[in-house]
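Novice: Sending over a structure as structure tokens; questions will come in a sec.
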Amino acid sequence: MSIEFTLRSVKLSSMKKNVLPTARKGRPPSKMAASHAAIMDAVYTLLQEKSLRDLTIEEVAKRARVGKPTLYKWWPTKATLVLAMLCERMAPNLEKPTVLTAEESLRLRVRRLIDAFSGPFGKIVAGLIAEGQSEPAMRQAFFDRWVSPRRTATIADLQRGKSAGELRSDTEPDLLNDAIFGAIYYRFLLGSGPFTRRFGEELVEQVIRGHRSGNARS
């Protein structure tokens, strides 16, 4: 009996050593969400006070009351953090209703983009574009995450208008999109003239006039 008990005790002791320690639970989802919101708020607020170039990760961490390792875990650079905030806070304001003609959709997108760039987000967008000139990876990220989704959606709307007979059959949706939004970014970044809703309306009218089909005009 004594030998059997000893062997059993040794076996149980060995099994305990081989059991992996219980993994520590991570931060509760509610706290993670609160920290994320605090970080986004901190980035937005600080960029109202200074340029992207002058912004530091240390300032964001201090304002959001989180550690720098937390920021670097999710956003390896300052620019990627700012881009994340832009996509999260500004992008929803650019969404559009689904029941619109191609031209109505285009005009709405232009109007909302000009409104957004004329407000607090305009300086942030300009800063990201400037940052991308010396950081090719940042420029690509800006295009992939910010420009490309909106460009793709607008081209799809224009293609839908072409298929529905709103636009001429020889219209190239991608070129039509770039002619309009390229002009918007040009005036936004270089200040070549008034950056207003009226500018956007006149721009769309000037560019799309030659692309309306006979059915659309009638």
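Novice: Here are some residues: Arg168, Arg139. Which one is charged (D, E, K, R) and in contact with a strand residue (DSSP E or B) (Cβ under 9 Å, 6 or more places away or on another chain)?
Specialist: On the way: Arg139 fails: in contact with a strand residue (DSSP E or B) (Cβ under 9 Å, 6 or more places away or on another chain).
Result: Arg168 is the single residue among Arg168, Arg139 that is charged (D, E, K, R) and in contact with a strand residue (DSSP E or B) (Cβ under 9 Å, 6 or more places away or on another chain).
Novice: Can you tell me which residues in the range 47-63 are assigned to a helix (DSSP H, G or I) and either of a type in the set (Val, Ile, Thr) or open to solvent by 10 Å² or more (accessible area, probe 1.4 Å) (or both)? Before you say what the answer is, go through the steps one by one.
Specialist: Of the residues in the range 47-63, the ones assigned to a helix (DSSP H, G or I) are 47-49, 57-63.
Gln48, Glu49, Ile57, Glu58, Glu59, Val60, Lys62, Arg63 - these are the residues of the range 47-63 that are assigned to a helix (DSSP H, G or I) and either of a type in the set (Val, Ile, Thr) or open to solvent by 10 Å² or more (accessible area, probe 1.4 Å) (or both).
Novice: Would you confirm, using the coordinates I've provided, whether Ala164 is over 21 Å from Glu202 (Cβ atoms), touching a helix residue (DSSP H, G or I) at 6+ places or on another chain (Cβ under 9 Å), loosely packed, with under 15 Cβ neighbours inside 10 Å and of a type outside the set (Phe, Trp, Tyr)? Walk me through how you get there before you give the answer.
Specialist: Values: over 21 Å from Glu202 (Cβ atoms): yes; touching a helix residue (DSSP H, G or I) at 6+ places or on another chain (Cβ under 9 Å): yes; loosely packed, with under 15 Cβ neighbours inside 10 Å: yes; of a type outside the set (Phe, Trp, Tyr): yes.
Yes, satisfied.
Novice: Quick one: which of Leu47, Leu81 is under 30 Å from Leu106 (Cβ atoms) and at pLDDT 90 or above?
Specialist: Every option except Leu47 fails the conditions.
Novice: Read through the list (1) under 19 Å from the mean Cα position of the chain (by Cα); (2) over 30 Å from Arg209 (Cβ atoms); (3) of a type in the set (D, E, K, R), then give the number of the only condition that Lys68 fails.
Specialist: In the conditions (1) under 19 Å from the mean Cα position of the chain (by Cα); (2) over 30 Å from Arg209 (Cβ atoms); (3) of a type in the set (D, E, K, R), Lys68 misses (1) alone.
Novice: Looking at (1) β-branched (Val, Ile, Thr); (2) touching a Pro at 6+ places or on another chain (Cβ under 8 Å); (3) not in a helix (DSSP H, G or I), which is the only condition Thr171 fails?
Specialist: Only one criterion in (1) β-branched (Val, Ile, Thr); (2) touching a Pro at 6+ places or on another chain (Cβ under 8 Å); (3) not in a helix (DSSP H, G or I) is unmet by Thr171, namely (2).
Novice: Oh, and also: Yes or no: the range 150-158 includes at least one residue that is open to solvent by 20 Å² or more (accessible area, probe 1.4 Å) and either among the acidic types (Asp, Glu) or touching a Lys or Arg at 6+ places or on another chain (Cβ under 7 Å) (or both).
Specialist: No, the range 150-158 contains no residue that is open to solvent by 20 Å² or more (accessible area, probe 1.4 Å) and either among the acidic types (Asp, Glu) or touching a Lys or Arg at 6+ places or on another chain (Cβ under 7 Å) (or both).
Novice: Assuming Ser134 fulfils every condition listed in (1) of a type in the set (Gly, Ala, Ser); (2) closer than 23 Å to Val207 by Cα; (3) open to solvent by 70 Å² or more (accessible area, probe 1.4 Å) apart from one, which condition is it?
Specialist: So Ser134 meets the others, but not (2).
Novice: Given the options Asp144, Asp115, name the one that is among the acidic types (Asp, Glu) and under 18 Å from Gly200 (Cα atoms). Even if it seems obvious, please write down each step before you answer.
Specialist: Working: Asp144 fails: under 18 Å from Gly200 (Cα atoms).
From the options Asp144, Asp115, the qualifying one is Asp115.
Novice: Looking at (1) in a helix (DSSP H, G or I); (2) open to solvent by less than 40 Å² (accessible area, probe 1.4 Å), find the lone condition where Val66 falls short.
Specialist: (1)
Novice: Here's a follow-up. Hey, does the range 168-178 have a residue that's more than 22 Å from the chain's Cα centre (by Cα), touching a residue at least 24 places away in the same chain (Cβ under 8 Å) and open to solvent by less than 70 Å² (accessible area, probe 1.4 Å)? Before the answer, list the steps.
Specialist: Pass one, the range 168-178, residues more than 22 Å from the chain's Cα centre (by Cα): 168-173, 175-176.
Next, from what is left, pick out any that are touching a residue at least 24 places away in the same chain (Cβ under 8 Å): 168-169, 171, 176.
Add one more test, that the residue is open to solvent by less than 70 Å² (accessible area, probe 1.4 Å), and what stays is 171, 176.
Yes, the range 168-178 contains a residue that is more than 22 Å from the chain's Cα centre (by Cα), touching a residue at least 24 places away in the same chain (Cβ under 8 Å) and open to solvent by less than 70 Å² (accessible area, probe 1.4 Å).
The values are calculated or read from the model by the stated rules, or taken from the named source; none is laboratory data. It should be emphasised that the depicted structure is a prediction, and the values quoted were computed from it without experimental measurement. Here Cβ is always computed from backbone atoms with ideal geometry, including for glycine, and neighbour counts include all displayed protein chains. Note: areas computed on protein heavy atoms with side chains; ligands, DNA, RNA excluded. Shrake-Rupley method; radii C 1.70, N 1.55, O 1.52, S 1.80 Å.
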